[in-house]
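The values are calculated or read from the model by the stated rules, or taken from the named source; none is laboratory data. The shown structure was predicted, so the numbers you read here are calculated from the model rather than taken from an experiment. So basically every Cβ, Gly included, is an ideal-geometry build from the backbone, and we count neighbours across all protein chains shown.
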Amino acid sequence: KQQPRPNILWIITDDHRPDSISAYNQAVYGQANSPLGYIESPNADELAQEGVLFTQAFTNSPVCGPSRAALHSGRYPFRTGRFAFELSHPGPDFSRPLLSEYLQREGYYTAMFGKEDHYFMQWGPGQTFNKLPIFDFRVHFKHDLQNHGIGDIYTRASYGDEPGNSTPIGYSEYVSYPDGSQRSYLLKSKDGEVSQGALAQRARTDQEFDILRSYTRSNPNLIIGGVNPNSATETIDAKVVRELRNHLQFAQQEYKTLAGKSVKGADMNKPLFINLGFHLPHTPILPPKSIRERFESKRYSVPNFDRSEVKTLPPQLQKLYNATKIEGMTDAELQQTIQDYYAFSAHGDELIGEALEAFKSYSERQGRPWVVVYTIGDHGWHLGEQ
């Protein structure tokens, strides 16, 4: 108790393969690269060198919501009730308090930046649900950035042009350009009808940004390759890190977020807990051009697969195979899928380096020790393994 309590930075990535990290490959495979081929991860490697690397940690449920709920609550999915994207109800004693609540009780200032996605709720007055205030401050990549026109290429529910219409008619895709302009078009309609104009807009996006969609899968609109409309310093994940840096730089001061909201920076009088949730390398997989160019010439080993294996699988796994397969894609498309995925992961590593520098500098200003926990995950991603 005589020692100052450490600042804590908890980083979590989304749909991230551990073989995107060279330190992991060295520990597990005895080589710097992935078994599939070339990767870059100097900042994660340095972090592993400074601390402890765990190579046998497994997700409790390989979907983002349930796995993150398990991490935040310390409870298995069968206790939180999170099995997919439904809400968790931690009002009963079987799933409270959450990690940040423990730390708040111990005097920590808690903040979240990026993707949270565990949907913890509690009963409020009149038996309505309220989102749990489990962080003192948060900037969410979707609600606080994309919903204010800050993003790359992303989808949102579309409600049509009628004023006050609260019933979604489908999903629209938004394309954000470096000059701040944006265009959107209906991507998927509930009634199945999409106009020729919208289809033309989608075709323009695909050509302009070398987009590869998952046309062999159950969701053919999913972007599994392409180049980011924005530079490496202006992607949605780069702006998440900028929000974190600003919050620490303007500690105890009033400043404006990227969406123009007036807020107060971190509380220097308390120890700090930050949950930094990257959206990448989740789809849409869109590495910035400067990083993508380093991977375009690399040749990757596509995992061997024989379709006869599908017949040996139980019905549940056959359904999963049909939903996520890349069988049927050309060799060039398979190479792009893998190249762009690892390039996007390398972009994330650069951003993690920025976040680490800002966090360590803040801790030094405070005179506090620090702890970093980097969860490579919340689950993996198939690149031909089927």
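A few points about this structure:
- When 251, 238 are screened for being within 26 Å of residue 173 (Cα to Cα) and among the aliphatic types (A, V, I, L, M), only 238 passes.
- Any hit, the range 226-237, residues being at positive phi and either within 18 Å of the chain's Cα centre (by Cα) or of a type in the set (Gly, Ala, Ser) (or both): yes
- Residue tally, condition farther than 19 Å from residue 12 by Cα and in a helix (DSSP H, G or I), over the range 27-58: 3
- Within the range 287-327, considering residues that are closer than 30 Å to residue 230 by Cβ and among the β-branched types (Val, Ile, Thr), the one farthest from the chain's Cα centre (by Cα): 302
- Residue match in the range 319-330 (condition: of a type in the set (Gly, Ala, Ser), assigned to a helix (DSSP H, G or I) and farther than 20 Å from residue 351 by Cα): yes
- Being touching a strand residue (DSSP E or B) at 6+ places or on another chain (Cβ under 9 Å), among the small types (Gly, Ala, Ser) and surrounded by 13 or more Cβ atoms within 10 Å (Cβ to Cβ) is a description that applies to residue 172.
- Flag for residue 28 being without any contact (Cβ under 8 Å) to a residue 60 or more places away in the chain and surrounded by 14 or more Cβ atoms within 10 Å (Cβ to Cβ): yes
- Hey, residue 259 free of Cβ contacts under 8 Å to residues at least 24 places away in the same chain, farther than 16 Å from residue 177 by Cβ and either touching a helix residue (DSSP H, G or I) at 6+ places or on another chain (Cβ under 7 Å) or not charged (D, E, K, R) (or both) or not: no
- Single unsatisfied condition, residue 5 versus (1) part of a loop (DSSP other than H, G, I, E, B); (2) within 13 Å of residue 374 (Cα to Cα); (3) touching a Pro at 6+ places or on another chain (Cβ under 8 Å): (2)
- Close pairs from the range 1-19: first free of Cβ contacts under 8 Å to residues at least 60 places away in the same chain, partner surrounded by 20 or more Cβ atoms within 10 Å (Cβ to Cβ), Cβ under 6 Å, at least 6 apart: 19/25; 19/34
- Pairs, first over 20 Å from residue 373 (Cα atoms) in the range 63-91, second part of a helix (DSSP H, G or I) and modelled with pLDDT under 80, C-beta under 7 Å, six or more apart: 88/80
- Against the test of being modelled with pLDDT of 95 or more, part of a loop (DSSP other than H, G, I, E, B) and of a type in the set (Lys, Arg), the options 242, 292, 299 yield a single qualifying residue, 299.
- Of all residues in the range 45-82 being hydrophobic (A, V, I, L, M, F, W, C) and more than 21 Å from residue 112 (Cβ to Cβ), the one that is surrounded by the most Cβ atoms within 10 Å (Cβ to Cβ): 48
- Failed condition for residue 328, given (1) of a type in the set (Gly, Ala, Ser); (2) crowded, with 22+ Cβ neighbours inside 10 Å; (3) at pLDDT below 95: (2)
- Test: residue in the range 301-311 that is over 30 Å from residue 236 (Cα atoms) and of a type in the set (A, V, I, L, M): yes
- Residue in the range 91-103 that is over 24 Å from the mean Cα position of the chain (by Cα), modelled with pLDDT under 95 and part of a helix (DSSP H, G or I) present: yes
- Residue ID - surrounded by the most Cβ atoms within 10 Å (Cβ to Cβ), chosen from residues in the range 273-309 that are closer than 19 Å to residue 382 by Cα and without any contact (Cβ under 8 Å) to a residue 40 or more places away in the chain: 307
- When 385, 357 are screened for being free of Cβ contacts under 8 Å to residues at least 12 places away in the same chain, of a type in the set (Asp, Glu) and surrounded by fewer than 20 Cβ atoms within 10 Å (Cβ to Cβ), only 357 passes.
- Considering the conditions (1) without any contact (Cβ under 8 Å) to a residue 60 or more places away in the chain; (2) in contact with a strand residue (DSSP E or B) (Cβ under 9 Å, 6 or more places away or on another chain); (3) assigned to a helix (DSSP H, G or I), residue 194 is excluded by exactly one of them, (3).
- Filter result (part of a helix (DSSP H, G or I) and among the β-branched types (Val, Ile, Thr)) within the range 335-386: 337, 338, 352
- Test: residue 153 is modelled with pLDDT under 95, of a type in the set (Val, Ile, Thr) and either under 26 Å from the mean Cα position of the chain (by Cα) or farther than 23 Å from residue 279 by Cα (or both): no
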